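All remarks here apply to the structure that follows.
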Amino acid sequence: MANILIRLLVPSLLEVEISITLALVLIAILFLLENSNNNKKKSSPPLNPTREIVPLDEKIQRNFSIEESQETSYVVKLEILAAKYLIGANLNGTSEPYAIIKCGEQKRFSSLVPSSRNPLWGEEFLFFVNSLPVQIHLTIYDWDTVCKCKLLGSVVLPVAKAGQSGAIWHEFDTKSGQVCLQVSSFRLSNSNSLLTDLAGVKSRKNMLLEKKNPTVAHYQPGPLQVIFRLPFDEDVYHSYSCAIENSFLYHGRMYISAWHLCFHSKFFYKQLKVIIPFEDIDEIKRTQHSFVNPAISIILHAGANGLGAPPLCNRNGRVRYKFTSFWNRNQSFRALQDTLTRYRAMLQAEKKVKMHSLTNIDQLTRVVKRDEEKGTREKFFQPFINQEILVDSVDGTFPCTAEQFFSMFLSDNSNFLMEHRYSRNGTDLKINNWSPSEEHGGQIRKFTFKSPCNSPLCPPYTAVTELQHTTLSADKGTLLYETVQQAHDVPFGSYFEIHCRWCLRTKSESSCQMVIKIGVHMKKWCIIQSKIKSGATEEYKKEVNQILEEARAHLLKQDDSEKGFARGSENHEMYQNQ
């Protein structure tokens, strides 16, 4: 019994030898790993106070691709308009195409067009280069939720010299399909100042850097620097756990800094990074992803694009990002609103500083004294509409003076425009009173309403905003009435505006000469812009003719009522005399 216990408790000589050998092997492995780590640390620059102290301005120039070279002298603008005959990468024969454009080390992303083999983009991208010629590489992929995005086609576009090319269809190198591109490039006359203006959000930091020029000694990179490669002076103000909607909910984390809204998600081996400059944000709205899942929608300005994952497309052409699955949606919404408000206030302060620095006080004083001596001061106003696009629509006479036309149809006491919209089944009518305009001269006001839409691609009613501007001459003999109208809920509604100009000159006590011109101002290039111009012009001409018919009927009705009132007064006087 004792021998059995000794064998169980005391190890044999073979077991002792095996244990010692394994321990020695483990110690050797740990020693080798420690040496390799030490070698890596020696070869890499340490992030500690012994690092070279670099001024902040110099460090920002190294981190920003636009500002890192002071010799940049060309701007290349690429417009990706449309594509056709793309490969159907999905099972239903469609694709979700988006484009990645590269010029040197600079990279841009287009928006994603869902379920289309013939997508329409109409988006433009700027690249800053040192010299020409350069090559632009454009690659179109099909977005896939889980698997690797599939290549749909690519094209290499050489830019040999400054100038502009028309819209040209390019064949893909290896795949079937075509893409329509337009390229323009120009040389910068003053590279330093102009690049600062073109750099967008990056130029906003210059105002703060001029006030203080600290040095960087202790620097520990944060998530904005490690994940998104943003400059080291950007700190995270707020951070929230959420998900981004992109044909699938990708859960990740949102980071908010003074200049950017960033999102990062890692789904299996697929990694999503989104960078949205606050400069590009037009509106932040509370929305719903589902009944029990509130969301926040970030809507960008027309022509603006975030960087990273392909965004969602709005029907009006603007880019939209939707974030959901917040722990507290309202708290995150307030933080985004406050940061955007502070950013815009910083822009206004920067604008005032620039205006103050560009003002020559001595010269301004001399001009003011000269104007006071003359007793007059000339004023130059900005044009309210684009007069180059206007074409003649109506040229004739109208049975009233210019002053009477304003008082009866356009003044604050007149309900003529409201009644006209009611007669066309308009709803939600709201018109402001006239107010003086320092920028355009005269008076301006805003008229909003919902107008019925008969197109199958539009909702039953579309929201319309009409800005009005009027100027009446000092002798009240000439009236200028201008309007800018934009529809919001129609396809490509954000791409164009309808400009109209009414010019009335009094000829006699009961008539005036009327000239009406109409034009469509395209704020952004569109592949169907000729169809948009012709259709919108014809539709607005019909509306102008209807306004004139109703105005003439209103005048006749008013004349009849005045004549009836005059006859009643005469009969009353005759009755009293009898």
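The values are calculated or read from the model by the stated rules, or taken from the named source; none is laboratory data. Predicted model, so just to flag it, every value in this text is computed and none were measured. Using ideal geometry, Cβ is built from the backbone for each residue, glycine included, and neighbour counts are taken over all protein chains shown. Side chains are part of the model used for accessible areas, which takes the heavy atoms of the whole protein and leaves out ligands, DNA and RNA. Shrake-Rupley method; radii C 1.70, N 1.55, O 1.52, S 1.80 Å.
Could you list, ordered by first residue, the pairs with Cβ atoms under 7 Å in which the first is in segment 254-279 and within 20 Å of Ala295 (Cβ to Cβ) and the second is in a helix (DSSP H, G or I) and open to solvent by 40 Å² or more (accessible area, probe 1.4 Å), at least 6 apart or interchain? Pairs that qualify, where the first residue is within 20 Å of Ala295 (Cβ to Cβ) and the partner is in a helix (DSSP H, G or I) and open to solvent by 40 Å² or more (accessible area, probe 1.4 Å), are Tyr255/Pro223. Of the residues in segment 429-448, not one is closer than 19 Å to Asn545 by Cα, touching a residue at least 24 places away in the same chain (Cβ under 8 Å) and crowded, with 18+ Cβ neighbours inside 10 Å.
Residues in segment 105-124 that are open to solvent by less than 70 Å² (accessible area, probe 1.4 Å) and within 25 Å of Thr94 (Cβ to Cβ): 11 in all. Residue count for segment 262-294 satisfying the condition of being in contact with a helix residue (DSSP H, G or I) (Cβ under 7 Å, 6 or more places away or on another chain) and within 19 Å of Val226 (Cβ to Cβ): 4.
Looking across segment 397-420, just one residue is small (Gly, Ala, Ser) and in contact with a strand residue (DSSP E or B) (Cβ under 6 Å, 6 or more places away or on another chain), and that is Ala402.
Among the residues of segment 80-104, the ones that are of a type outside the set (A, V, I, L, M) and buried (at least 19 other Cβ atoms within 10 Å of the Cβ) come to 5 in all.
Residue under question is Asp412, and the condition is that it be part of a loop (DSSP other than H, G, I, E, B) and either of a type in the set (Lys, Arg) or open to solvent by 50 Å² or more (accessible area, probe 1.4 Å) (or both); does it hold?
On the way: part of a loop (DSSP other than H, G, I, E, B): yes; either of a type in the set (Lys, Arg) or open to solvent by 50 Å² or more (accessible area, probe 1.4 Å) (or both): yes.
Against the criterion (part of a loop (DSSP other than H, G, I, E, B) and either of a type in the set (Lys, Arg) or open to solvent by 50 Å² or more (accessible area, probe 1.4 Å) (or both)), Asp412 qualifies.
Does Ala474 meet the test of being modelled with pLDDT under 90, farther than 20 Å from Ile518 by Cα, aliphatic (A, V, I, L, M) and surrounded by 12 or more Cβ atoms within 10 Å (Cβ to Cβ)? Spell out how you get there, then give the answer.
Working: modelled with pLDDT under 90: yes; farther than 20 Å from Ile518 by Cα: yes; aliphatic (A, V, I, L, M): yes; surrounded by 12 or more Cβ atoms within 10 Å (Cβ to Cβ): no.
No.
Considering only segment 525-537, I want to know if a residue exists there that is open to solvent by 20 Å² or more (accessible area, probe 1.4 Å) and in contact with a Ser or Thr (Cβ under 8 Å, 6 or more places away or on another chain). No, there is no match, as no residue in segment 525-537 is open to solvent by 20 Å² or more (accessible area, probe 1.4 Å) and in contact with a Ser or Thr (Cβ under 8 Å, 6 or more places away or on another chain).
Of all the residues in segment 83-99, those that are assigned to a strand (DSSP E or B) and over 19 Å from the mean Cα position of the chain (by Cα) number 3.
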